[in-house]
Amino acid sequence: MLELVANKPRRVGFGVMQVPAIWFTAVAAVLALSACGAPSTTASTASSPSSAASGSPATASTDACPTQLTPAQTEGPYFKPGSPPRTSLIESGMTGTRLLLSGRVLTLACAPVAGVTLDFWQADAGGTYDNSGYRLRGHQSTDAAGRYSLETIVPGEYPGRTEHIHVKLRAPGKAVLTTQLYFPDVASNQQDSIFDPHLLVTMQSTATGKAATFDFVTSG
Ligand SMILES: [Fe+2]
């Protein structure tokens, strides 16, 4: 069964440690990152599975190996099979804050997982899903470095739900993992009964909107 984990950034308390401990911690951090391979910042400069990512804002780094499994979440009532293969969900006339969501699919040992299909679906800026067509729905596969990149908009809230993006991950030979991603600093997160902070993306503002990163990690 495919099991995914959230990538939890690691913080180093430099301000409270003695000098030898600082040196040791810094060396350990470098070694850990080396073992993980390149951090996600590479994804913004190296070839992307998405040609649509060209010219997009740089993404934030998810620079640590994961330490825990990503929780699965409910599919909800609005999933539709058969979404088109595409890495940009932006369409002419679409309103909302532009969002570049990117990251990797990794194993617990930080090895990239290629060929994982990520099927995204979300509400529009007004909190409405397209249930008759495929607006704001699309799927793509991770590249050889386990990377994905999606151009979309920040989804709107709807009754009972904070901002979120749904995703199904299908890895070759593995069970499907269905989950949702959330956004930091959204007041409604605390009123959403299924909100899970382990599924928060890392977010930053860009010249054109927002850039978010999230690494999914399989158990192997
Ligand atoms: Fe939803």
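Each reported figure results from applying straightforward, stated rules to the coordinates on display, with no laboratory input. Treat the numbers as computed from the prediction; the structure is a model and nothing was measured. Don't worry about glycine lacking a Cβ; one is built from the backbone with ideal geometry, like all the others, and counts go over all protein chains shown.
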Subject >> Net charge, Tyr182 excluded, C-beta distance under 13 Å - Lys, Arg +1, Asp, Glu -1 >> reply: -4
Original post:
When the Cα centres of the stretch 152-220 and the stretch 112-127 are compared, how far apart do they sit, in Å?
Top reply: 9 Å
Original post:
To the nearest 20 debye, what is the magnitude of the charge dipole of the stretch 127-220 about its Cα centre, counting +1 on the Cβ of each Lys and Arg and -1 on the Cβ of each Asp and Glu?
Top reply: 360 debye
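How charged is the neighbourhood of Tyr78? Take every other residue with its Cβ under 11 Å from the Cβ of Tyr78, and add Lys/Arg as +1 and Asp/Glu as -1. Kindly include the intermediate steps, with their values, before the conclusion.
On the way: positive: Lys80, Arg137, Arg161; negative: Glu75, Asp130.
Here the count lands on +1.
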Subject >> Dipole axis of the stretch 53-218 (+1 Lys, Arg; -1 Asp, Glu on Cβ), positive-most option in Gln190, Gly127, Ala114 >> reply: Ala114
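Using the Kirkwood formula on the Cα atoms of the stretch 53-218, what hydrodynamic radius do you get, in angstrom to one decimal? Could the numbers behind the result be given before it?
Working: mean 1/r = 0.0625 Å⁻¹.
Computed over the stretch 53-218, the radius equals 16.0 Å.
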